[in-house]
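Right, one structure below, let's go through it.
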Amino acid sequence: MVSKNTTAKKKQTGKSSESSLRVPSKWRLRLYVAGNTPNSIAAFANLKEICEVHLGGRYQIEIVDLLENPMLAKGDQIVAIPTLVRRLPFPVKKIIGDLSNRERVLVGLDLKPAAPTRA
């Protein structure tokens, strides 16, 4: 009975769970790196590609090089690099790594629902 109601609601809205995720009009992302290391370069390239495919120009990426401005890490409590901080839309979220795991990044940014856990 519960599943029928769930199905009925999906039919009424005409949206799947993935397409029903709210995609805000403006995204502000901050990528913390440390110089031009391979991980930093990969993180930026992966982020740029993800943004182009999923956000279509509705984003702003700020690169913060902690070798030049180490005090900026304190504000976002950065403990590892590279780290991506989603500042808008709220809530603030952080993803650590070179962002090569696209699935993890999409879920972390709320651009894709998390896979259901097995019971």
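The values are calculated or read from the model by the stated rules, or taken from the named source; none is laboratory data. Predicted model only: the values in this text are computed from it and were never measured. Glycine gets a Cβ as well: all are built from the backbone with ideal geometry, and neighbour counts include every protein chain shown. Surface accessibility is based on the protein's heavy atoms, side chains included, excluding ligands, DNA and RNA. Shrake-Rupley method; radii C 1.70, N 1.55, O 1.52, S 1.80 Å.
Return yes or no: is Val105 assigned to a strand (DSSP E or B), of a type outside the set (Ser, Thr, Tyr) and within 21 Å of Ala45 (Cβ to Cβ)? The answer is no for Val105. One residue stands out among those in region 70-89 that are modelled with pLDDT of 90 or more and in contact with a Lys or Arg (Cβ under 8 Å, 6 or more places away or on another chain): the one that is surrounded by the fewest Cβ atoms within 10 Å (Cβ to Cβ), which is Arg87. Of the residues in region 102-119, how many are touching a strand residue (DSSP E or B) at 6+ places or on another chain (Cβ under 9 Å) and open to solvent by 80 Å² or more (accessible area, probe 1.4 Å)? Qualifying residue count, region 102-119: 1.
Of Leu99, Leu67, all but one fail to be over 19 Å from Lys26 (Cα atoms), open to solvent by 20 Å² or more (accessible area, probe 1.4 Å) and not in a helix (DSSP H, G or I); the exception is Leu67.
Within region 49-76, residues that are hydroxyl-bearing (Ser, Thr, Tyr) reach partners that are loosely packed, with under 12 Cβ neighbours inside 10 Å and in a helix (DSSP H, G or I) with beta carbons closer than 9 Å, at six or more positions or on different chains, in the pairs Tyr59/Glu52. Among the residues of region 22-45, is any among the hydroxyl-bearing types (Ser, Thr, Tyr), surrounded by fewer than 14 Cβ atoms within 10 Å (Cβ to Cβ) and either at pLDDT below 95 or outside any helix (DSSP H, G or I) (or both)? Yes - at least one qualifying residue is present in region 22-45. Taken over region 70-96, the criterion of being in a loop (DSSP other than H, G, I, E, B) and closer than 14 Å to Ser40 by Cβ is satisfied by Ile78, Ala80, Ile81, Pro82.
When Arg104, Arg58 are screened for being charged (D, E, K, R) and touching a Lys or Arg at 6+ places or on another chain (Cβ under 9 Å), only Arg58 passes.
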